[in-house]
Amino acid sequence: MNSSAPRAAQGSGSGRSFRLGLAQRVLPGAVGFLSASLVLYAGQFLTDDPMSARDLGQVLGWSLVGVAVLALTGRRRGVTLTEDALVVVHGARRDLPWSGIERLEVRRVLGVSQVVAHLADGRRTTLPAPTSFVDARFAEKVGELTECWEARRLSPPPAAAPPPAPAP
């Protein structure tokens, strides 16, 4: 599964985005909802008042609604590589200047690799994308992200153009 947007500017890093794909957003929730439904059903089955087929259908129906919500939300979650910053969208937008990122680390949690940005102020930010979960191109994307950071981390962001001089 491809979890990134099309390349905007190959190699330059400007405008390149990494987003979670549909499977990356839906599969964890679907497995969670299905597991919770099965546990609920098993718990009900072992009691004196087992769950009826209608009740089970309602639980599974609500599970599908939850999965649909997951599919529709989180579409904007991800990162964009710009000339002056790593733009992280994870609920809210956050610009991390390249010069403020001390290092990038790939961390593996529960079998899924994610990128963590270690900031100069001591904070850490786990990037919402790229992630190795159902993404065969994860290593390539991490390499591209790392190359972009290495090329920009030592130089300050470009200064804004000075305002025009007032007319005499």
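When the solvent-accessible surface of protein heavy atoms is calculated with a 1.4 angstrom probe, in what order do PHE18, PHE138, PHE133 fall, highest first? Please list the in-between numbers first.
Details: PHE18 0, PHE138 20, PHE133 65 Å².
Reading off the accessible areas and sorting them downward yields PHE133, PHE138, PHE18.
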query: Within a Cβ distance under 11 Å of HIS90, other residues only, what is the Lys/Arg minus Asp/Glu net charge?
result: +4
message: As a test of reading the structure, rank ARG124, ARG54, ARG103, ARG19 by solvent-accessible area (1.4 Å probe, protein chains only), most first.
response: ARG54, ARG124, ARG103, ARG19
- prompt: With contacts defined as alpha carbon pairs under 8 Å and 6 or more residues apart, what's the relative contact order of the range 72-156 in percent?
  reply: 25 percent
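The values are calculated or read from the model by the stated rules, or taken from the named source; none is laboratory data. From a predicted model like this one, the values you see are computed outputs, not experimental measurements. Neighbour counts are summed over all protein chains in view; Cβ atoms, including those assigned to glycine, are modelled from backbone coordinates with ideal geometry. The protein model used for the area step is the full one, side chains on, heavy atoms only, and it has no ligands, DNA or RNA in it. Shrake-Rupley method; radii C 1.70, N 1.55, O 1.52, S 1.80 Å.
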